[in-house]
Amino acid sequence: PEKGYSPLHYAVWNEDVNTVKLLVDHGAQFNEKDPDGWTAFYNAVWQGSREIVDFLVSKGADISTFHM
């Protein structure tokens, strides 16, 4: 893995909903930004991963980090 990208970021990129849920439920920091300034939420929105977006929002993801 590249430096600064968390396992959660990789799970979101791969649209692996089960792994995203597992990581978050075990303490993954979903508001953490990658080296490009993107959070897991932002990546999920960009990819159109509605289930992941909804899950992260339900867990309290900071939607104000979304930027264009």
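A short reminder: the numbers here are calculations on the coordinates, not readings from a lab. Please read these numbers as outputs of a predicted model, since none were measured by experiment. All Cβ positions, even for glycine, are placed from backbone atoms using ideal geometry, and neighbour counts span all protein chains on display.
Using a basic spin-label model with each label point 7 Å from the Cα along Cα→Cβ, how many nm lie between Arg50 and Lys3?
Spacing of the two 7 Å Cα→Cβ label points: 4.0 nm.
Based on the alpha-carbon set only, what is the convex hull volume of the range 7-65 divided per residue, in Å³? Don't skip to the end; give the middle numbers.
On the way: hull volume 4.1 nm³, N = 59.
About 69 Å³ per residue, rounded to a whole number.
Provide the packing ranking of 22-29, 44-51, i.e. peptides ordered by the mean count of other C-beta atoms within 10 Å per residue, highest first.
Values: 22-29: 13.9, 44-51: 15.9.
Listed from highest to lowest mean packing, they are 44-51, 22-29.
Taking the Cα centre of the range 7-65 as the origin, how large is its charge dipole in debye, to the nearest 20, when only Lys and Arg (+1) and Asp and Glu (-1) carry charge on their Cβ atoms?
Values: 4 positive and 9 negative charges, 19 e Å.
Dipole magnitude for the range 7-65 comes out near 80 debye.
Straight distance only, please: which lysines reach the Cα of Lys59 with their own Cα at less than 25 Å, same-chain residues fewer than 8 apart left out?
Counting by Cα, and skipping residues close in sequence, Lys59 has these lysines nearby: Lys21, Lys33.
Using the basic label-point model (7 angstrom from Cα toward the beta carbon), what is the Thr19 to Ile63 distance in nanometres?
With each label point 7 Å from Cα toward Cβ, the separation is 2.7 nm.
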